[in-house]
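Colleague: Once you've had a glance at the structure underneath, I'll fire off some questions.
The values are calculated or read from the model by the stated rules, or taken from the named source; none is laboratory data. What you are looking at is a predicted structure, and each value in this text was computed from that prediction instead of being measured. Here Cβ is always computed from backbone atoms with ideal geometry, including for glycine, and neighbour counts include all displayed protein chains. These accessible areas exclude ligands, DNA and RNA; they are computed on the full protein's heavy atoms, side chains included. Shrake-Rupley method; radii C 1.70, N 1.55, O 1.52, S 1.80 Å.
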Amino acid sequence: IIGVNSTWLLPNSYMNHEPIGDLVKVARGTRSYGAAAIEIAYVAAGMLDGYITPRLSPWDFAAGLIIAREVGAIATDINGNEMNVLKNSSMIVACEGVHRQILQVLRGVN
């Protein structure tokens, strides 16, 4: 089950929505709690398998990034690059295997 805000599934001015739509199609289910901190914490607690968002401010993800890493989750930007807590960023957070699968779907790799 992947946490994703439904805003990113529709055409928008920030990004191409189709890759995230592809991810939703292969996921068992999605949830949207409306707060990045909660969704990242749910991944850390095992209540979500992953969380993805194309746009967050550092204050939205910095604390969750630390928590996720402490429990062994992988947290990167949407391209698989290390997160920068001083800049706005996209985010994928999940266990290693799920993180890899999310990146493959977003990149169109089967």
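Colleague: Name the single residue, out of those in segment 25-55 being assigned to a strand (DSSP E or B) and open to solvent by 20 Å² or more (accessible area, probe 1.4 Å), that is nearest to N88 (Cα to Cα).
Modeller: Among those that are assigned to a strand (DSSP E or B) and open to solvent by 20 Å² or more (accessible area, probe 1.4 Å), it is R55.
Colleague: Being exposed (fewer than 13 other Cβ atoms within 10 Å of the Cβ) and more than 17 Å from F61 (Cα to Cα) is the filter here, so list the residues in segment 72-99 that pass it.
Modeller: E96, G97
Colleague: Within the set of pairs 6 or more residues apart or between chains, which connect a residue that is more than 17 Å from G97 (Cα to Cα) and acidic (D, E) inside segment 34-59 to a residue that is open to solvent by 60 Å² or more (accessible area, probe 1.4 Å) and modelled with pLDDT of 95 or more with Cβ atoms less than 8 Å apart?
Modeller: So the pair list comes out empty.
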